[in-house]
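Undergrad: The structure under discussion is supplied below as structure tokens; questions concerning it will follow.
The values are calculated or read from the model by the stated rules, or taken from the named source; none is laboratory data. Everything quoted here is computed from the prediction, not taken from an experiment. All Cβ positions, even for glycine, are placed from backbone atoms using ideal geometry, and neighbour counts span all protein chains on display.
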Amino acid sequence: MKNKFSLCTLPLVVSLLSGCQNATTPVAPESLCPEPKASQSVMLCVTSLPDNHPQGDPVYLAGTMNQWHAGGHQHKEVILKDNGNGSYSHELSFDKPGDIHLFKFTRGDWSSVEIDNDRYDAPNRNVQFTGEKQTIMLTIDKWADLEGGSLGSSPTLVGKLETLTTTFPQNKGERTIRIWLPENHDASRKEAYPVIYAWDGQNLFDKQTAGYGMEWQLDETLTALGEDYVVIGFDSPSDALSRYVEYSGLDWTHPTVGKVHARGNETVDFVVDTLIPRLEKQYNISSNPADRTLMGSSMGGYITLYAMSYRPGVFGTGLALSHATSDHYGGKQLREYFRKNGFANDARLYLDMGGQETVGPWGPDEWLQGHHAMVAALNDAGISLQHQVIADGVHDETAWAKRFGEIFQTVIKQSQ
């Protein structure tokens with residue numbers, strides 16, 4: 001049941017329509033969908049399900065509107081209405097024009113999430129409220145659990161990637177370090193290559209390794225720009241609490257995860273004193289701080305800012321995209337730390353925040369408040385600072401990939 005304009009004469013429409021009186025009459029998908037009732041809403045309407053969708057199984061919505069709960073949580077699960085004609089719908093409310101929601105469909109848990117026709121992870125869907133109510137028709141290709149599971153993401157790597165393994169001091173399991181080399185990389189080149197060090201290395205180059213099937217596309221972007229940069233990514237821990245501990249410079253309390261006993265100083269010391277010297281021996285990369293950029297997003301943005309102050313003079317430029325430094329993430333303590341300790345005199349920082357960031361229970365207002373408070377603190381610290389708010393920016397790798405090329409050219413290249 002993949003064709004959303006199928007006719008009743010086709011057998012696969014039997015499970016889409018609750019009976020066909022005239023086998024020669026086409027049924028337009030829009031006629032299956034109810035109109036939204038509220039003025040500030042969008043009707044999401046699924047008009048086609050996989051052929052093997054179990055009869056009677058509900059369709060769930062998981063996304064930024066319910067903190068990505070796939071089902072099983074009574075107060076947060078969203079079940080689409082069965083309209084009795086083969087379509088399923090949910091009226092999604094918005095606060096104001098321009099607001100965005102990201103989402104996926106499931107059958108009640110993440111093992112039954114939707115996947116594409118090739119059994120790869122389906123990307124996050126998104127819908128933006130235009131200011132007028134509307135109906136959006138959607139189709140679901142396959143359910144992961146009914147196809148033997150997802151194959152993950154299809155590989156998207158461009159260029160040459162090498163890896164090594166190590167153990168970070170806070171977590172004893174093996175961790176991968178990813179080293180991306182430009183197409184014309186010359187290990188014997190007289191001039192050492194400028195280098196970008198980045199957190200959450202698994203998300204930088206390849207959808208197949210990325211945690212959510214979305215990547216920064218650093219390999220594609222730098223290749224397209226023809227830039228001779230080496231990029232080194234540090235994979236992050238797989239569980240949320242360990243990542244908070246590893247990427248936090250100061251203790252704070254997460255409202256759902258609990259107390260975060262920060263060990264970010266150990267993280268930064270290990271990278272600076274152990275990993276970077278090892279990498280500089282093995283690869284032809286510059287040891288000049290002016291040629292070193294440190295970058296990350298969300299908590300990776302937090303640890304980037306912290307590292308620039310905690311170990312001043314090691315990295316010339318720091319990029320903190322969608323930085324998780326609001327008061328919910330211990331931002332108040334971090335801002336006071338920066339005001340007290342400062343940064344290297346020649347350090348350069350770039351910060352940004354999307355106008356549509358939603359993570360957990362916190363929406364755009366909280367994230368933007370954190371951004372503006374951090375900008376004020378860094379201005380107080382007297383550091384060279386560039387910052388911006390991306391009006392329709394959301395909190396994921398696809399959004400960061402979209403703006404990395406411009407950031408590279410206007411921040412990193414300008415600092416050389």
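Undergrad: For Ile303, are the conditions met, namely being within 23 Å of Ala240 (Cα to Cα) and among the β-branched types (Val, Ile, Thr)?
TA: Yes: the conditions hold for Ile303.
Undergrad: On to the next question. Of the conditions (1) within 30 Å of Glu91 (Cβ to Cβ); (2) in the same structural domain as Ile232 (by TED's automatic domain parsing), Thr167 fails just one. Which one is it?
TA: (1)
Undergrad: How many residues does region 214-229 hold that are under 11 Å from Ile412 (Cβ atoms) and hydroxyl-bearing (Ser, Thr, Tyr)?
TA: Residues meeting the conditions: 1.
Undergrad: Filter region 390-416 for residues that are crowded, with 17+ Cβ neighbours inside 10 Å and of a type in the set (A, V, I, L, M) and give the result.
TA: Across region 390-416, the qualifying residues are Ile390, Val394, Ala399, Ala401, Ile407, Val411, Ile412.
Undergrad: I need the full set of residues from region 377-411 which are in contact (Cβ under 8 Å) with a residue 40 or more places away in the chain, over 20 Å from the mean Cα position of the chain (by Cα) and part of a helix (DSSP H, G or I), in order please.
TA: Ala377, Leu378, Asp380, Gln409, Val411
Undergrad: I've got another one for you. Go through the residues of region 245-262 one by one and say whether even a single one is of a type in the set (Gly, Ala, Ser) and part of a strand (DSSP E or B).
TA: yes
Undergrad: Which residues, taken from region 272-294, are part of a strand (DSSP E or B) and out of contact with any helix residue (DSSP H, G or I) (no Cβ under 7 Å at 6 or more places or on another chain)?
TA: Arg292
Undergrad: Limited to region 90-117, what total is found for residues that are out of contact with any Ser or Thr (no Cβ under 8 Å at 6 or more places or on another chain), closer than 23 Å to Leu32 by Cα and not charged (D, E, K, R)?
TA: Residues in region 90-117 being out of contact with any Ser or Thr (no Cβ under 8 Å at 6 or more places or on another chain), closer than 23 Å to Leu32 by Cα and not charged (D, E, K, R): 2 in total.
Undergrad: Can you find a residue in region 285-303 that is of a type in the set (Val, Ile, Thr), under 30 Å from Pro364 (Cβ atoms) and either in contact (Cβ under 8 Å) with a residue 60 or more places away in the chain or surrounded by fewer than 19 Cβ atoms within 10 Å (Cβ to Cβ) (or both)?
TA: The answer is yes; a qualifying residue exists.
Undergrad: Here's something else I'd like to know. Name the one entry in Asp235, Asp269, Asp273 that is modelled with pLDDT of 95 or more, touching a Gly at 6+ places or on another chain (Cβ under 7 Å) and not aromatic (Phe, Trp, Tyr).
TA: Asp235
Undergrad: How many of the residues in region 72-88 are at pLDDT 95 or above and in contact with an Asp or Glu (Cβ under 9 Å, 6 or more places away or on another chain)?
TA: Here the count works out to 2.
Undergrad: Evaluate the following for Ile303: is it assigned by TED's automatic domain parsing to the domain that holds Ser236, within 24 Å of the chain's Cα centre (by Cα), under 21 Å from Val231 (Cα atoms) and β-branched (Val, Ile, Thr)?
TA: The answer is yes for Ile303.
Undergrad: I've got another one for you. State whether the residues of region 237-254 include one that is at positive phi, buried (at least 21 other Cβ atoms within 10 Å of the Cβ) and touching a helix residue (DSSP H, G or I) at 6+ places or on another chain (Cβ under 6 Å).
TA: No: region 237-254 contains no residue that is at positive phi, buried (at least 21 other Cβ atoms within 10 Å of the Cβ) and touching a helix residue (DSSP H, G or I) at 6+ places or on another chain (Cβ under 6 Å).
Undergrad: Counting only residues that are surrounded by fewer than 18 Cβ atoms within 10 Å (Cβ to Cβ), give me the strands (runs of 3 or more DSSP E) lying completely in region 133-218 with at least 2 of them.
TA: Of the strands (runs of 3 or more DSSP E) lying wholly inside region 133-218, those with at least 2 residues that are surrounded by fewer than 18 Cβ atoms within 10 Å (Cβ to Cβ) span 134-139, 160-167, 174-181.
Undergrad: For region 68-75, does any single residue satisfy the condition of being in contact (Cβ under 8 Å) with a residue 60 or more places away in the chain, touching a Lys or Arg at 6+ places or on another chain (Cβ under 8 Å) and not assigned by TED's automatic domain parsing to the domain that holds Glu397?
TA: The answer is no, given that none of the residues of region 68-75 is in contact (Cβ under 8 Å) with a residue 60 or more places away in the chain, touching a Lys or Arg at 6+ places or on another chain (Cβ under 8 Å) and not assigned by TED's automatic domain parsing to the domain that holds Glu397.
Undergrad: Is it the case, given these coordinates, that Leu222 is assigned by TED's automatic domain parsing to the domain that holds Glu336, crowded, with 17+ Cβ neighbours inside 10 Å, assigned to a loop (DSSP other than H, G, I, E, B) and modelled with pLDDT of 95 or more?
TA: It is false that Leu222 is assigned by TED's automatic domain parsing to the domain that holds Glu336, crowded, with 17+ Cβ neighbours inside 10 Å, assigned to a loop (DSSP other than H, G, I, E, B) and modelled with pLDDT of 95 or more.
Undergrad: Kindly establish whether His261 is farther than 30 Å from Asp121 by Cβ, out of contact with any Leu (no Cβ under 6 Å at 6 or more places or on another chain) and assigned by TED's automatic domain parsing to the domain that holds Thr167.
TA: So His261 fits the description; yes.
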